[in-house]
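Have a look at the structure below before the remarks.
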There are 2 protein chains.
Amino acid sequence: MEAVIAEIITIGDEILYGQIVDTNSAWMGMELTKIGIKVKQITSVSDSAAHIIEALDNAKTRADIMLITGGLGPTKDDLTKNILTAYFNTELKLHEPSLEDVKAIFSRRGIEVSELNRQQAFLPAACTPVRNILGTAPGMWFEEEGKIFVSMPGVPFEMKRMMTDIVLPKLQEHFKTPQIIHKVVQTAGVPESTLADTIEQWELTLPPHIRLAYLPHLGGVRLRLTGQGDNEEALEKELQQQVDILSQIIPDYIFAYGEVKLEEAVGQLLKTQKLTIATAESCTGGLLAHKFTSVPGSSAYYIGSVIAYHNHVKTEQLGVKPDTLAQYGAVSEDTVRQMAEGIRMKFNTDIGVATSGIAGPDGGTPDKPVGTIWIAYADKDKTVTKLLSYNKDRILNIEYTTIAVLNLMRQSLLATVEE
Amino acid sequence: MEAVIAEIITIGDEILYGQIVDTNSAWMGMELTKIGIKVKQITSVSDSAAHIIEALDNAKTRADIMLITGGLGPTKDDLTKNILTAYFNTELKLHEPSLEDVKAIFSRRGIEVSELNRQQAFLPAACTPVRNILGTAPGMWFEEEGKIFVSMPGVPFEMKRMMTDIVLPKLQEHFKTPQIIHKVVQTAGVPESTLADTIEQWELTLPPHIRLAYLPHLGGVRLRLTGQGDNEEALEKELQQQVDILSQIIPDYIFAYGEVKLEEAVGQLLKTQKLTIATAESCTGGLLAHKFTSVPGSSAYYIGSVIAYHNHVKTEQLGVKPDTLAQYGAVSEDTVRQMAEGIRMKFNTDIGVATSGIAGPDGGTPDKPVGTIWIAYADKDKTVTKLLSYNKDRILNIEYTTIAVLNLMRQSLLATVEE
């Protein structure tokens, strides 16, 4: 079966000038993908009639569906409706139900309907209006030579409601879309290239209707398998088999399946093993604590932290020996070990982790350049330390360190189970 | 003078499928606008050679500059380099300096350079390589018939560094862009609509060659004045005069001029007044500490923190009275006051600040719904508390609270000076 192709056209100088980030398109792409419609292109164009028409002309040579957002507000820089009226060679006509909707919204706000807003109920005669229950600009659905054109407001919550309630179901009804299933495998602690080398042989065995994508991000590499087929159950089974094979090739790199963050996966391990944790942070300055506590329900295992930015906090609050600081410095294996063990004792938790390093941009020495960072994990049986060496900027050195700590925890917690 | 036109082409199915939001384009649009280059279109295309070539062909009919991101990683779904090599009718050649860069990155990580990564140093002979000091995929700069094509990795921090260090200056040098000066005024603690009402009369007096943009973000509203002219000195003077007038209209809302974050402005106040600070966080769980310590040089005033996620940490480490917790609960004015005063005493700092609240999604009660948050500021003379009430999600409740604390600090520190 041939894929149904969609293109998204977003209108607005504010997107091109970077004043707003176009999150609408990503959301639409995700929802269309879920129902088996393939998004081929996203085009953001300026508030110019000629440019919008050019984008429409180009899009319909490639796609079956054109989804247009933006340019439907009541102010004069909003052009879309007039352009589409001319494009489909039709005329504006009062659409009574839309006028009722506009009136209802204004009466709820206790305001009179302005002339500008009244005009929003005038719609191209050739379109099927798409109701907007959250705002004053209705959407428009056009069909021409087997192609679908839908125009929607750029306000995210209005567009999303319109898509969910009306546009997506109508598209599913109109096109017979193929079955598409995605499986996401989350990896951490392995560079993309090493990962690619390791799984290359397996990847070569994948059938043509299953594709693999590498999606690297700050915390690791997401692997996404996308399968297409006619039978949902068979496809689901086939994809799961491939995920199972992959799991046997790289068991140590995988921390979760699906849309799960590393801090959530580690939190889940702590929860399952009924363990509590406290953190002692120097160079990460609270980001590690923030990662833990950004997970809903983290108070079940996360007890607290001492952020020991100054050395006197390390000695007084965490029990780091002044001799250690004097002899080896704050950025040393001995210090970070004492910090992890110290916070564990002080906060009476099962696990303590610690960071101490030089995030930069200042503070580096020839012996310990910027990016030299020690991390430690301590539980009742052992303390594990690790030396990191980054050459990123301050924020990234901090970010990468928190990920390394989470990964060290994950490995240590799994090793404990296996022993 | 005719405007120089750029188009941005982002490559990757992951954007079209909505698996990642394209934040790169917005950032690039903003930076290009700043140097007087007009972005006309942003096009996101699939991982397909034919489609990428079509996008390039179309873009060069409209624009002078084509900026391409994505598809430069070491794995085989990355196509851009090979496509550009064919597109410009050239061939791949080993670029020794790039190989040295790749080797240096791997040697710092203590890993051997894989064959895949070695191949990243093979670049089209017709391009000028653009150095990537943060990753293994160099950028490529092509010139053909007066048009510029630049290909960069899709990893945001690599692309940004490349743009800032090399691509933007080179574009400014290559095109004679009009004189453009920006002045940014940072405000906090005031909603956009109130701000707009307050400065409306002034805005109407601005001459046509000076434009005002509202750039709202999580921490407040940035106001950006953009002036265009022939004489740099006169333009600079004229813009500064407008900023001075604005400062007199909204003195209390402005926390800084230029690209300064609220935590940097507060850090600067602490530095100037030679004061130290420690934080005691419950609901913000380390984000406040992270904000402080993300500022380079913050160790001059930031001493440390106790993150008291569990109540026993509040009593044992911060000296919150068990009676207070029993009678008023952890989320109460008395608790947060004792936390701020407690951390100040314990860490022996000039100032202590504290947060305690219900970030959600669970933990709310009819009396104290999710989003109920107390914050406190304590110095040697006084303790100031404030009740916040948000109805956002967990992450936003935490983010907004840290901003409210920073703003409370700013107001308290300025009031101290004025007394």
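The values are calculated or read from the model by the stated rules, or taken from the named source; none is laboratory data. Nothing here was measured: the structure is a model prediction, and the numbers come from that model. With ideal geometry, Cβ positions are generated from the backbone for all residues, glycine too; neighbour counts draw on all protein chains shown. Each accessible area value is taken on the protein alone, full model and side chains, heavy atoms only, with ligands, DNA and RNA left out. Shrake-Rupley method; radii C 1.70, N 1.55, O 1.52, S 1.80 Å.
The table that follows gives values for the structure above.
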| item | result |
| --- | --- |
| Unmet criterion (only one of (1) surrounded by 24 or more Cβ atoms within 10 Å (Cβ to Cβ); (2) more than 7 Å from every other protein chain (Cβ to nearest Cβ); (3) over 17 Å from residue A:160 (Cα atoms)) for residue A:45 | (2) |
| Hey, residue A:365 in the same structural domain as residue A:274 (by TED's automatic domain parsing), over 29 Å from residue A:216 (Cα atoms) and part of a loop (DSSP other than H, G, I, E, B) or not | yes |
| Any chance residue B:352 is more than 9 Å from chain A (Cβ to nearest Cβ), over 16 Å from residue B:383 (Cβ atoms) and either touching a residue at least 60 places away in the same chain (Cβ under 8 Å) or small (Gly, Ala, Ser) (or both) | no |
| Matching residues in the range B:27-40 - criterion: being open to solvent by 10 Å² or more (accessible area, probe 1.4 Å) and within 11 Å of chain A (Cβ to nearest Cβ) | B:27, B:30, B:31, B:33, B:34, B:38, B:40 |
| Qualifying residue in the range B:2-14 (condition: within 11 Å of chain A (Cβ to nearest Cβ), closer than 18 Å to residue B:139 by Cβ, over 24 Å from the mean Cα position of the chain (by Cα) and at pLDDT below 95) | no |
| Residue that is over 23 Å from the mean Cα position of the chain (by Cα), in contact (Cβ under 8 Å) with a residue 40 or more places away in the chain and buried (at least 16 other Cβ atoms within 10 Å of the Cβ), where the choices are B:199, B:210 | B:199 |
| Condition broken by residue A:366, with the remaining ones in (1) within 34 Å of the chain's Cα centre (by Cα); (2) modelled with pLDDT under 95 satisfied | (1) |
| Among residues of the range A:364-414, those that are closer than 16 Å to residue A:340 by Cβ and either among the hydrophobic types (A, V, I, L, M, F, W, C) or within 14 Å of another protein chain (Cβ to nearest Cβ) (or both), counted | 17 |
| Matching residues, the range A:135-163, being of a type in the set (Val, Ile, Thr) and at pLDDT 90 or above | A:148, A:150 |
| Residue satisfying condition, being closer than 27 Å to residue A:29 by Cα and in contact with a helix residue (DSSP H, G or I) (Cβ under 9 Å, 6 or more places away or on another chain), within set B:92, B:32 | B:32 |
| Failed criterion for residue A:100 (all others in (1) more than 11 Å from chain B (Cβ to nearest Cβ); (2) buried (at least 16 other Cβ atoms within 10 Å of the Cβ) hold) | (2) |
| Odd one out for residue B:66 among (1) open to solvent by less than 10 Å² (accessible area, probe 1.4 Å); (2) modelled with pLDDT of 95 or more; (3) at the interface with chain A (Cβ under 8 Å from one of its Cβ atoms); (4) in contact with a helix residue (DSSP H, G or I) (Cβ under 7 Å, 6 or more places away or on another chain) | (3) |
| Hits in the range A:214-240 (condition: small (Gly, Ala, Ser) and within 17 Å of residue A:260 (Cα to Cα)) | A:219, A:220 |
| Some residue of the range A:160-176 being over 30 Å from residue A:95 (Cα atoms) and open to solvent by 10 Å² or more (accessible area, probe 1.4 Å) | yes |
| 2 or more residues among the acidic types (Asp, Glu) and more than 27 Å from residue B:115 (Cα to Cα): qualifying helices (runs of 4 or more DSSP H) within the range B:130-213 | B:192-204 |
| Unmet requirement for residue B:345, which otherwise passes all of (1) over 28 Å from the mean Cα position of the chain (by Cα); (2) among the hydrophobic types (A, V, I, L, M, F, W, C); (3) open to solvent by less than 60 Å² (accessible area, probe 1.4 Å); (4) within 14 Å of chain A (Cβ to nearest Cβ) | (3) |
| Residue match in the range A:292-300 (condition: of a type in the set (Phe, Trp, Tyr) and modelled with pLDDT under 95) | no |
| Test for residue B:108: is it under 25 Å from residue A:392 (Cβ atoms) and surrounded by 14 or more Cβ atoms within 10 Å (Cβ to Cβ) | no |
| Residue in the range B:70-77 that is surrounded by 18 or more Cβ atoms within 10 Å (Cβ to Cβ), free of Cβ contacts under 8 Å to residues at least 24 places away in the same chain and not assigned by TED's automatic domain parsing to the domain that holds residue B:224 present | no |
| Filter result (more than 23 Å from the chain's Cα centre (by Cα) and open to solvent by 20 Å² or more (accessible area, probe 1.4 Å)) within the range B:132-159 | B:136, B:143, B:144, B:145, B:146, B:147 |
| Those strands (runs of 3 or more DSSP E) lying entirely in the range A:243-334 with at least 3 residues surrounded by 17 or more Cβ atoms within 10 Å (Cβ to Cβ) and either facing another protein chain (nearest Cβ under 8 Å) or touching a Lys or Arg at 6+ places or on another chain (Cβ under 9 Å) (or both) | A:277-281, A:302-308 |
| Residue that is modelled with pLDDT under 95, touching a Leu at 6+ places or on another chain (Cβ under 9 Å) and either assigned by TED's automatic domain parsing to the domain that holds residue B:31 or open to solvent by less than 10 Å² (accessible area, probe 1.4 Å) (or both), where the choices are B:90, B:80 | B:80 |
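Each row is one residue, and each column tells you yes or no for (1) buried (at least 18 other Cβ atoms within 10 Å of the Cβ); (2) assigned to a loop (DSSP other than H, G, I, E, B).
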residue	(1), (2)
B:381	no, yes
B:391	no, yes
B:395	no, no
B:398	yes, no
B:403	yes, no
B:406	yes, no
B:409	yes, no
B:415	no, no
